[in-house]
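Chemist: For reference, the structure I am asking about is given below.
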Amino acid sequence: MAPTTAPARPSMTRAQRDRLTSDLRIACMRIARRVRFESAAPVAPHQFSVLVRLEEQVRTPKELACVEKVSAPSMSRTVAGLVDAGLVARADDPTDGRQVILSLTPEGRRTVRDTRRRRDQWFAARLERLTDEEREVLARATEVLERVAAE
């Protein structure tokens, strides 16, 4: 007896793919916004993004502006606020006296850690309201979304 195979699923129509594209994009944006703004972070989202970049490695203000895709004056204002708050330290570049190197202070590292913890707690509370089946769907979807984000 030949093994049975599952019937082929019909592919999505162009209109269904377009709708999925829009719905998924909007849902991802809403979740990202809610996580950023409802987790009571001590720094603004754009400041937190800079702190995370500096957690990865020390950088110059120009490198930060480039990676964050903002203007140099905008990054200068952000960095100045983080330095004033004691979260970022400035140091002269040992190889180029015209450059400034930025790094996290111990308080900056604590802020990154605590903000991540609060964001995870906020999200975990929402996941607890879901069924086991819904959480399984999200676990599988996370793998797919990671692949999409990596492209």
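Chemist: Select from region 46-56 the residues that are among the aliphatic types (A, V, I, L, M) and surrounded by 15 or more Cβ atoms within 10 Å (Cβ to Cβ) and list them in ascending order.
Modeler: Within region 46-56, Val50, Leu51, Leu54 meet the criteria.
Chemist: Does Arg135 fit the bill of being at pLDDT 95 or above, closer than 16 Å to Val43 by Cβ and of a type outside the set (Ser, Thr, Tyr)?
Modeler: Taking the combined requirement at face value, the residue does not satisfy it.
Chemist: Out of Leu51, Leu24, report the one residue that is hydrophobic (A, V, I, L, M, F, W, C), in contact with a strand residue (DSSP E or B) (Cβ under 8 Å, 6 or more places away or on another chain) and at pLDDT 90 or above. Even if it seems obvious, please write down each step before you answer.
Modeler: On the way: Leu24 fails: in contact with a strand residue (DSSP E or B) (Cβ under 8 Å, 6 or more places away or on another chain).
Just one listed residue meets the conditions, Leu51.
Chemist: Just to be sure before I move on: is Val43 crowded, with 17+ Cβ neighbours inside 10 Å and of a type in the set (Val, Ile, Thr) in the structure I sent?
Modeler: yes
Chemist: Let me ask something else. Considering only residues that are more than 18 Å from Arg118 (Cα to Cα) and either loosely packed, with under 10 Cβ neighbours inside 10 Å or not aliphatic (A, V, I, L, M) (or both), which ones fall in region 21-38?
Modeler: Thr21, Ser22, Asp23, Arg25, Cys28
Chemist: Something else now. Do we find a residue being over 30 Å from Ala141 (Cβ atoms) and touching a residue at least 24 places away in the same chain (Cβ under 8 Å) anywhere in region 10-32?
Modeler: no
The values are calculated or read from the model by the stated rules, or taken from the named source; none is laboratory data. On a predicted model such as this, the values are computed, not experimentally measured, just so you know. Glycine gets a Cβ as well: all are built from the backbone with ideal geometry, and neighbour counts include every protein chain shown.
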